[in-house]
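What follows is a short report on a single structure.
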Amino acid sequence: MRKYLFIVMIAALGISSVHAQTAPADEQANYTQVITKRAEKIVSALNITDSVKFKRVTDIVVNQYRNLSAIHDSRNEQVKDIKAKYADDKTTTNTQVALIDSNVNKQLNTLHASYLTRLGTELTPQQIDEVKNEMTYKILPLTYNAYLDELPTLTDPQKLQIKAWLTEAREHAIDAESSEKKHAWFGKYKGRINNYLSAQGYDMKKAGEEWQQRIKEKSAQKG
């Protein structure tokens, strides 16, 4: 329990992780370079002209990536140890992993709220929204616009529901540890959206086929 609380404290304060402190110096430097470049690319999309403010916001994003990595790395190490310890006991393994994941989710929720609070001291709500999109490869706007294009008869309430679920997916995805897992969150919510639209009377298979045909026809016309 103390270990979990310690990790949460690190996340909330936005300081370097224990893992980072004990990693080889060259590994720390390389990792810092990678997440700094990633953060600078994200912040560049905000068109911040004040260089000092740009640096402050970049540092906030860098620390977020560092703290997310600390939480996920710790979780993966714990799971690895559990699987080795209870290799022949799947029930115990699953129970222990579930407990670990429950604590990790609490840590992520704490870090998530702290991160948005720190961004809020520097950015407008619109800019924070853009940061979230950049951290998740703009999947939300791309997917939302795809639904609008695929289903031009969507009603306003249906559009609101689609956007609400994609927004919820994005909140989870910004805390995910990899590109694959970020996409997985959106995939989960797209399944929910498709089920909802099917219940609303849309033939999603037919709509998808017709949409692909329209895309091909538009491409041919441009050619």
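What follows draws every value from the coordinates through simple rules; no lab data is involved. Small disclaimer: the values here were computed from a predicted structure and weren't measured. When we count neighbours, we look across all protein chains shown, and the Cβ atoms used for this are built from the backbone with ideal geometry, even at glycine.
Which one is farthest from the chain's Cα centre (by Cα), of the residues in segment 42-98 that are among the small types (Gly, Ala, Ser) and surrounded by 15 or more Cβ atoms within 10 Å (Cβ to Cβ)?
Top of the filtered list is SER74.
Among the candidates ASN105, ASN109, ASN67, single out the residue that is assigned to a helix (DSSP H, G or I), under 20 Å from ILE174 (Cβ atoms) and in contact (Cβ under 8 Å) with a residue 24 or more places away in the chain.
Criteria check complete, one pass: ASN67.
Looking at LEU119, LEU123, LEU154, which one is under 17 Å from LYS55 (Cα atoms) and not in a helix (DSSP H, G or I)?
From the options LEU119, LEU123, LEU154, the qualifying one is LEU123.
Could you please let me know if GLU77 is of a type in the set (Asp, Glu) and more than 29 Å from GLN126 (Cβ to Cβ)?
In short, yes.
For residues that are in contact (Cβ under 8 Å) with a residue 24 or more places away in the chain and in a loop (DSSP other than H, G, I, E, B), tally how many sit in segment 22-47.
Here the count works out to 2.
Would you pick out the residues in segment 199-209 that are in a helix (DSSP H, G or I) and either among the basic types (Lys, Arg) or surrounded by 13 or more Cβ atoms within 10 Å (Cβ to Cβ) (or both)?
Scanning segment 199-209 gives MET204, LYS205, LYS206, ALA207, GLY208.
Going through GLU177, GLU168 one at a time, which residue ends up being touching a residue at least 60 places away in the same chain (Cβ under 8 Å) and closer than 25 Å to ILE71 by Cβ?
Criteria check complete, one pass: GLU177.
Whether any residue in segment 131-141 is free of Cβ contacts under 8 Å to residues at least 24 places away in the same chain and over 30 Å from TYR86 (Cβ atoms) is what I want to check.
yes
Any idea which of ASP73, ASP149 is of a type outside the set (Gly, Ala, Ser), in contact with a His (Cβ under 7 Å, 6 or more places away or on another chain) and in a helix (DSSP H, G or I)?
After ruling out the rest, the residue left standing is ASP73.
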